[in-house]
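This report concerns only the one structure given below.
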Amino acid sequence: MSSDAQAIHHESFVLNVGPQHPATHGVLRIKLTMDGEYIVDAEPVIGYGHRMHEKMGENRSYAKFLPNTGRMDYVAALFNGHGYVGAVERLAGLVVPERAEYIRVITCELNRIASHLLWVGAFLVDLGGFTPLLYCFDDREHILDLIESVTGSRLTFCYFRFGGVCNDVDDNFIVGARDFVASMRSRMPMYDAFVSKNIIFRKRCEGIGILSADDCRKYGATGPVIRGSGVAYDVRKMEPYSVYSQLDFNVPVYTECDCMARYRVRIDEIVESLRIVEQALGKLPAGPVMADKVPRALKPPKGDCYFNVESARGSFGVRAFSDGSENAYRLKLRSPCFSNLSLFQECSRGMLLTDALALLGSLDLVIPDIDR
Amino acid sequence: MESAMPVKDLKASFEAIAQRDAVSQSLVAETDHAAKGTNLDVTVPAERVGDAARILDLAAYMIEAITGVDWLADKQMEIVYDFVHPVSGERVTVRARVPRDKPELPSISAVFPGANWHERETHDFFGIVFEGHPGLIPLLLPEDATFHPLRKDFAP
Amino acid sequence: MTEGMVMNLVRLLLYLVGMIGFAAFNAAYLTLLERKQASWMQLRRGPTEVGPWGLLQPVADGVKLMSKQLLLPRDVDVPLFLLGPIMVVVPPILCLVTIPFSETLVARNFNLGLLMIFAFGAISTFVLMLAGLASANKFSSIAAARIVAQNIAYEIPLLVIVLSLVMSTHSFNLHTIVDQQAGGFWHWNLLRLGTNPLMPVAFLIYFICLLAESNRAPFDMVEAESELVAGVFTEYSGMGFGLFFIAEYVNIVVGCCLATILFLGGWHCPFGLLPGLHWFLIKMYALCVMVVWVRWSFPRTQFYGLLNLSWKILIPLALANLLLTAVMLKLF
């Protein structure tokens with residue numbers, strides 16, 4: 001800081017973006033030291049929405065913590081649930097029926113599409129274009145209706161249980177999901193024409209907000225951020241959990257490292273997720289959706305393990321320590337947004353305010369996920 | 001980014017640390033990914049985490065998380081570092097233990113700048129001091145917080 | 001008092017009331033048009049609750065804005081801060097003085113009408129800048145700095161385009177300019193390719209400058225709500241805030257009126273039939289709809305992108321247009 005302080009032009013000033021600011025999508029505060037419109041230093045200040053989920057994980061039983069998972073990254077809540085039940089299942093050595101795994105994959109991928117759609121809309125709002133948001137919400141609405149029909153909620157899902165899922169899907173869901181896949185595919189050209197080919201949008205994204213692959217590695221940025229920087233890191237391929245190893249899909253990678261690359265990764269991921277949903281619906285086996293004999297009060301043996309899933313924003317990881325009792329001894333929740341935001345300070349130096357906010361938008365932050 | 005260093009080579013590097021110190025608390029074990037979620041589980045003396053981080057940095061590993069665990073009964077705190085290789089997907093977990101009454105160990109934020117926030121968070125929750133950290137101020141807790149909520153003897 | 005003087009006074013009063021009424025009506029109902037059109041573009045329904053089809057929504061909005069408290073933040077420069085919203089509405093309304101809505105309907109028809117409109121138009125910029133600086137808010141100050149750079153950049157191509165038009169029409173008098181375009185759309189300045197084959201390009205440049213000068217998206221650097229909260233309007237509340245928006249909409253109306261007069265034949269029918277006020281209004285509102293359409297279709301430009309567009313593309317094009325007009329005039 002001291003060497004920066006000397007370099008600061010004598011007319012620099014401090015600009016507080018947030019905690020209430022239209023560009024930060026929540027209670028994130030960024031303390032900007034500006035030289036005119038150029039950023040000298042950007043210090044994110046987080047913790048406004050801190051709820052100490054990790055402590056809550058320690059002072060209640062494993063099952064009672066399940067609803068908490070939906071309240072971290074609420075835009076893609078199913079992934080948090082998947083990460084948590086995955087860790088506990090690994091700890092307790094539970095085997096999940098195949099039908100349940102397929103249902104998990106289908107609902108998670110639908111959730112990923114919903115999350116990416118919301119991001120496309122919100123990112124365009126960051127750039128000053130309001131209209132695409134409503135189209136994205138229109139499509140997202142179909143997904144939420146579908147997921148609501150099996151999970152019972154529209155945002156903070158609590159659907160996965162240790163050893164399976166709490167509701168089986170019915171024919172209506174399967175038909176609805178197939179219809180959605182078809183209708184979403186037919187909508188993709190419209191998004192392409194409306195957003196991807198928009199000249200102002202491209203000017204605002206191409207070459208803006210460069211994040212090198214090495215920066216991503218050193219800061220632990222995952223998900224579309226690192227894939228937009230040319231690294232094909234995807235937990236679904238690297239450490240195939242659930243039934244991802246039985247499904248055929250590509251990991252979109254772009255090497256431009258700019259906002260446009262991150263946008264394209266997410267748009268391609270929507271297409272890939274549609275493929276996954278379609279395949280999984282086709283392969284959906286019959287059978288139970290809950291493992292037999294899962295005790296009501298789960299007491300995993302002593303030890304610890306790590307389980308991570310590819311959430312819509314990156315690698316969501318859970319490290320669980322068990323001491324053999326009904327409660328977890330320690331529950332570490334690794335949120336992708338936390339690491340993705342941590343590189344903002346270094347990478348936004350010297351950028352224009354406008355471009356830095358485009359970069360911030362392209363990271364796809366959900367603030368309660370950072371604050372936990 | 002260069003491809004992954006095989007787990008075996010990494011294992012040798014970590015064992016070298018252990019031998020240099022001739023400290024018995026070093027432990028390097030390959031683990032079953034399906035059971036533990038990690039490929040290599042390394043325990044190093046607390047003052048050697050910087051060396052461990054440098055080995056992983058040279059092997060182009062990515063930092064995933066840092067966290068602490070309060071072992072009240074053992075009068076120790078454990079610090080767990082999770083690393084993953086972004087190309088091969090191999091995982092390495094590095095552990096270190098510090099005495100509970102003097103929880104201090106070196107910071108690795110000079111090697112992995114991303115560790116900065118994780119260490120601040122761990123300091124918030126456990127009061128573990130990372131020596132050489134550029135600014136160990138509360139990240140998630142209030143600015144004036146003097147408590148460490150994840151310590152097992154914490155009473156609100 | 002002679003009868004002539006009385007008549008003149010009555011005429012003056014009527015025009016004053018008429019103009020203010022016209023400005024207020026447009027400001028109110030263009031907001032409704034904007035909201036309805038935006039909702040139509042966005043799969044929504046827009047205001048529907050107040051009055052039939054939400055037609056009384058602007059009234060409700062006006063009442064709401066007027067009944068809100070006017071907040072005076074501690075550090076503002078009080079006289080300038082209060083003067084801002086008042087000063088910003090006056091110039092666009094004054095611009096309406098010389099706009100000929102039809103053959104006979106014009107408040108004051110004078111020879112330098114076109115010049116007067118641009119003179120008043122320039123005042124708005126300074127008022128917005130002063131309001132931004134007086135707000136003592138960093139977001140407002142950044143917006144105030146932006147607006148000066150933006151308006152200088154776009155005033156130049158705008159004036160150069162208008163200059164080339166004046167060269168071919170030989171007049172600053174708006175009435176005369178419209179009269180030259182009588183008798184069908186092929187006589188409109190937009191399509192008078194004989195005097196200047198680049199006329200459609202000139203119209204396009206004019207339209208882009210109109211968006212930039214009235215600070216509309218995609219050039220809304222003054223407000224830039226996702227970056228600068230609300231730009232120069234950040235600290236304003238109640239009707240102070242409302243007046244800025246009235247000014248914005250009246251500016252759009254003036255800009256579209258001028259576009260109609262300069263390029264689209266004013267009150268003349270495209271087919272040479274029945275000239276009159278209705279043709280003027282149809283053309284003018286069609287342009288307003290286009291302005292709204294553009295706003296809801298594009299994201300905002302970057303600030304330097306905005307300046308690059310003007311200095312690197314629009315100004316050279318406008319100058320080329322001016323040169324071509326001069327050459328054509330000399331040759332033919």
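The values are calculated or read from the model by the stated rules, or taken from the named source; none is laboratory data. From a predicted model like this one, the values you see are computed outputs, not experimental measurements. No Cβ is skipped: glycine too gets one built from the backbone with ideal geometry, and neighbour counts run over all protein chains shown.
None of B:Pro156, B:Pro134, B:Pro106 is at pLDDT 85 or above and within 24 Å of A:Phe321 (Cβ to Cβ) except B:Pro106.
Selection of region A:223-249 for residues being within 8 Å of chain B (Cβ to nearest Cβ) and either assigned to a loop (DSSP other than H, G, I, E, B) or within 16 Å of A:Tyr263 (Cα to Cα) (or both) yields A:Ile226, A:Val231, A:Ala232, A:Tyr233, A:Glu239.
Residues are listed down the side, and each one gets a yes or a no for (1) touching a strand residue (DSSP E or B) at 6+ places or on another chain (Cβ under 8 Å); (2) more than 14 Å from chain C (Cβ to nearest Cβ):
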residue	(1), (2)
A:Gly93	no, yes
A:Arg104	yes, yes
A:Asp139	no, no
A:Leu144	no, yes
A:Arg161	yes, yes
A:Asn167	no, yes
A:Asp171	no, yes
A:Met184	no, yes
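Considering (1) assigned to a loop (DSSP other than H, G, I, E, B); (2) within 14 Å of chain A (Cβ to nearest Cβ), say which one C:Leu211 fails and leave the rest. For C:Leu211, the exception is condition (1). The residue list B:Asp57, B:Asp74, B:Asp82, B:Asp51 contains one member that is farther than 19 Å from A:Val309 by Cβ and within 11 Å of chain A (Cβ to nearest Cβ), which is B:Asp57. Considering A:Leu118, A:Leu110, the condition of being under 29 Å from C:Arg300 (Cα atoms) and either among the basic types (Lys, Arg) or under 21 Å from the mean Cα position of the chain (by Cα) (or both) is satisfied by A:Leu118 alone.
Taking the listed residues B:Thr122, B:Thr67, B:Thr146, the one that is more than 13 Å from chain A (Cβ to nearest Cβ), closer than 23 Å to A:Met56 by Cβ and of a type outside the set (D, E, K, R) is B:Thr146, with no other qualifying.
Taking each residue of region A:23-40 that is crowded, with 17+ Cβ neighbours inside 10 Å and looking for partners that are of a type in the set (Asp, Glu) and assigned to a strand (DSSP E or B) with beta-carbon atoms closer than 6 Å, six or more apart or interchain, yields A:Thr33/A:Asp41. Among the numbered conditions (1) part of a helix (DSSP H, G or I); (2) buried (at least 23 other Cβ atoms within 10 Å of the Cβ); (3) not polar (S, T, N, Q), the only one that C:Phe219 does not meet is (1).
Comparison of A:Pro300, A:Pro288 shows that the only residue that is surrounded by 24 or more Cβ atoms within 10 Å (Cβ to Cβ) and either modelled with pLDDT of 90 or more or not polar (S, T, N, Q) (or both) is A:Pro300. Being farther than 27 Å from C:Phe263 by Cα and within 16 Å of the chain's Cα centre (by Cα) is a description that applies to C:Phe244.
Filtering region C:281-313 down to residues that are among the hydroxyl-bearing types (Ser, Thr, Tyr) and within 12 Å of chain A (Cβ to nearest Cβ), which residue is surrounded by the most Cβ atoms within 10 Å (Cβ to Cβ)? By that ranking, first place goes to C:Thr301. Inspect all residues belonging to region A:51-69 and state whether any of them is surrounded by 19 or more Cβ atoms within 10 Å (Cβ to Cβ) and not in a helix (DSSP H, G or I). Yes, because at least one residue in region A:51-69 is surrounded by 19 or more Cβ atoms within 10 Å (Cβ to Cβ) and not in a helix (DSSP H, G or I).
Residues being in contact with a helix residue (DSSP H, G or I) (Cβ under 8 Å, 6 or more places away or on another chain) and closer than 30 Å to C:Gly265 by Cβ are entirely absent from region C:59-66. Restricting attention to region B:27-53 and to residues that are among the acidic types (Asp, Glu) and either touching a residue at least 12 places away in the same chain (Cβ under 8 Å) or more than 24 Å from A:Leu91 (Cα to Cα) (or both), the residue that is surrounded by the fewest Cβ atoms within 10 Å (Cβ to Cβ) turns out to be B:Glu30.
Among the residues of region C:119-150, those identified as buried (at least 21 other Cβ atoms within 10 Å of the Cβ), at pLDDT 85 or above and more than 14 Å from chain A (Cβ to nearest Cβ) are C:Val127, C:Leu128, C:Met129, C:Ala131, C:Gly132, C:Ala134, C:Ser135. When A:Glu272 is tested against (1) in a helix (DSSP H, G or I); (2) touching a strand residue (DSSP E or B) at 6+ places or on another chain (Cβ under 6 Å); (3) charged (D, E, K, R), just one condition goes unmet, and that condition is (2). Which numbered condition in (1) farther than 27 Å from A:Phe130 by Cα; (2) touching a Phe, Trp or Tyr at 6+ places or on another chain (Cβ under 8 Å) is the only one that C:Glu223 fails? That leaves (1) as the condition not met. Taken over region B:83-121, residues that are in a loop (DSSP other than H, G, I, E, B), of a type outside the set (Val, Ile, Thr) and over 24 Å from A:Gln345 (Cβ atoms) amount to 8. If the condition is being of a type in the set (S, T, N, Q), more than 14 Å from chain A (Cβ to nearest Cβ) and buried (at least 18 other Cβ atoms within 10 Å of the Cβ), then region C:31-75 contributes C:Thr31, C:Gln57. Of the helices (runs of 4 or more DSSP H) lying entirely inside region A:294-372, those containing at least 3 residues that are more than 9 Å from chain B (Cβ to nearest Cβ) and closer than 29 Å to B:Lys36 by Cβ are A:336-342. Residues that are modelled with pLDDT under 90 and hydrophobic (A, V, I, L, M, F, W, C) do occur in region A:237-244, at least one of them.
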